[in-house]
1. Please verify whether the range 400-420 includes one or more residues that are at pLDDT 95 or above, open to solvent by less than 30 Å² (accessible area, probe 1.4 Å) and assigned to a strand (DSSP E or B).
2. Filter the range 421-438 down to the residues that are outside any helix (DSSP H, G or I), touching a residue at least 40 places away in the same chain (Cβ under 8 Å) and over 17 Å from V456 (Cβ atoms) and list them by number.
3. Pairs only if they're at least six apart or on different chains, beta carbon under 7 angstrom, first in the range 388-404 and under 15 Å from K444 (Cβ atoms), second open to solvent by 30 Å² or more (accessible area, probe 1.4 Å) and among the small types (G, A, S); list them, first residue then second.
4. Criterion first (at pLDDT below 50 and within 30 Å of E282 (Cβ to Cβ)) does R83 satisfy it?
5. Show me the strands (runs of 3 or more DSSP E) entirely contained within the range 102-183 in which 2 or more residues are among the aromatic types (F, W, Y), within 13 Å of the ligand (Cβ to nearest atom) and assigned by the TED database to the domain that holds F274.
6. For the range 390-438, give me each residue that is farther than 12 Å from S368 by Cα and among the small types (G, A, S).
7. Within the range 329-352, does at least one residue satisfy the condition of being under 28 Å from H249 (Cβ atoms) and either exposed (fewer than 14 other Cβ atoms within 10 Å of the Cβ) or of a type in the set (F, W, Y) (or both)?
8. Within the set of pairs 6+ apart or on separate chains, which have a first residue in the range 255-270 that is closer than 26 Å to M298 by Cβ, a second that is polar (S, T, N, Q), and C-beta atoms under 8 Å apart?
Amino acid sequence: MLLTLRVPRSRLCLGRQQHRRLLASTAPEEAKRQTTQHPLQLEINGNTYPTDSWTNVTPRILSHLGLNKHLQRDHPLSIIRQRIINYFYGAYRNQRGNPLFSVYDKLSPIVTVQQNFDNLLIPIDHVSRQKSDCYYVNREHLLRAHTTAHQVELISGGLDNFLVVGEVYRRDEIDSTHYPVFHQADAVRLVTKDKLFERNPGLELFEETWSGSLADPKRILPSSKCMDQTKQPCHTLEAVKLMEHEMKHVLVGLTKDLFGPRIKYRWVDTYFPFTQPSWELEIYFKDNWLEVLGCGIMRHEILQKAGVHQSIGYAFGVGLERLAMILFDIPDIRLFWSNDSGFLSQFSEQDLQNLPKYKPISHYPQCSNDLSFWLPANVEIDAGFSANDFYDLARTIAGDVVEQISLVDKFKHPKTGKTSLCFRIVYRHMERTLTQAEVNEIHKHIADASVEAFNVQIR
Ligand code: PHE
């Protein structure tokens, strides 16, 4: 998930991989896509953007804006989002016992080139800026390629501990593990000298020899100049080591919280333009080392740009789909976009700690039947009758052929004062097509049992 913004050392000079990318970008299919005519302007979320030769967003990609799967109740991505947030709430509290981190999960995914790249010191010729890698609205705006794009605006706004969650867009092939829209969570934590060296007040964040001058915003250092894994020239080794220790401790804690205390993990040195030193955390899963997150000590130029001069920070970013696929055993990334109740009804945020394993959705057709009844006089929903009791009863009788039950209608009779409820029951078999006749029979059983158990009157 942390694909293109990470540049392995071999790719920094025009290595074989990058060469292949350049060739690929002139392939006939790509050429066709690039010359596709766009309207003169695009209307997105109520804003108008003039198009130009950089425009390559497609209506299909734009249709993902606002779907907010990470905020959809009971969606696996929303469950993972909450697990990460809750972990950070627990890991860092202020003196009053309140969470230190604030969460931004509704920021617009349309960002500027400055937010997505320049602010993060991503070199002008970096592969991740290419038209073939991103969805550009025009030469100045794109759909964010990582949630890291919001760092500088949030720090400039005065924040020092925050999480950003949202969907990101990268041009990619579509297969069971790649989809051009996926979700990330990013975090930033800034610490001042007083806090970091609480117990060693003699220590400093910055090297005495460092001038402290503001980085020239036009002079982005070439990547080769910031690959030293020890530290950035401005920081003291003590500051970096303490920060690294805290960050790794917290991120291993998060990993254990998600995957259990016995998960095997390892730290791998890496390079990101916006952190130095940088690492990836890998976990051992199904006989493979899998990268789960990227992190590092924030480049001081970024903090300076955001108006923060007396702090050191760490940042990390993690892809939610990969976590969810492992934790719920979801085999295909496309399922996260499914509206099939057979998929959605398997997950619930009632119990965030016990994550169920995904059961393949049946490809046999669904069959839906409604059941309406009057509750006894003076009984109402949650006052003498609970919908959950009905759900349990239906599942006891019908077992796994009941895929989903929802309350679709409820009203009170104006004269008798009795309450009427209508439940929609979706039936589907895992191995074969159910006939309407057999569904009717099961449905009748549920109706009879409801009369018996709840004293209701079928309508
Ligand atoms: N933005 C990086 C990616 O998408 C992840 C990252 C975030 C790495 C913050 C370090 C710090 O690959």
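The values are calculated or read from the model by the stated rules, or taken from the named source; none is laboratory data. Note that this is a predicted model, so its numbers are computed, not measured. Because the Cβ atoms are built from the backbone with ideal geometry, glycine has one as well, and the counts that use them run over all protein chains shown. Just the protein is used for accessible areas: all its heavy atoms, side chains included, with ligands, DNA and RNA removed. Shrake-Rupley method; radii C 1.70, N 1.55, O 1.52, S 1.80 Å.
1. Taking every residue of the range 400-420 in turn, at least one turns out to be at pLDDT 95 or above, open to solvent by less than 30 Å² (accessible area, probe 1.4 Å) and assigned to a strand (DSSP E or B).
2. Of the range 421-438, the ones outside any helix (DSSP H, G or I) are 421-435.
Keeping just the survivors that are touching a residue at least 40 places away in the same chain (Cβ under 8 Å) gives 421-434.
Passing the criteria: V426, Y427, R428, H429, M430, E431, R432, T433, L434.
3. Every condition considered, the pairs that remain are L393/A453.
4. Details: at pLDDT below 50: no; within 30 Å of E282 (Cβ to Cβ): yes.
In short, no.
5. On the way: elements: 102-104, 110-112, 141-143, 161-169.
The strands (runs of 3 or more DSSP E) meeting that bar are 161-169.
6. Within the range 390-438, A394, A398, G399, G417, S420, A437 meet the criteria.
7. Start the filter on the range 329-352 by keeping residues that are under 28 Å from H249 (Cβ atoms), which leaves 349, 351-352.
Retained after the next criterion (residues that are either exposed (fewer than 14 other Cβ atoms within 10 Å of the Cβ) or of a type in the set (F, W, Y) (or both)): 351-352.
Checked against the condition, which is being under 28 Å from H249 (Cβ atoms) and either exposed (fewer than 14 other Cβ atoms within 10 Å of the Cβ) or of a type in the set (F, W, Y) (or both), the range 329-352 yields at least one hit.
8. Y265/T255; D269/Q229; D269/S278; T270/S278
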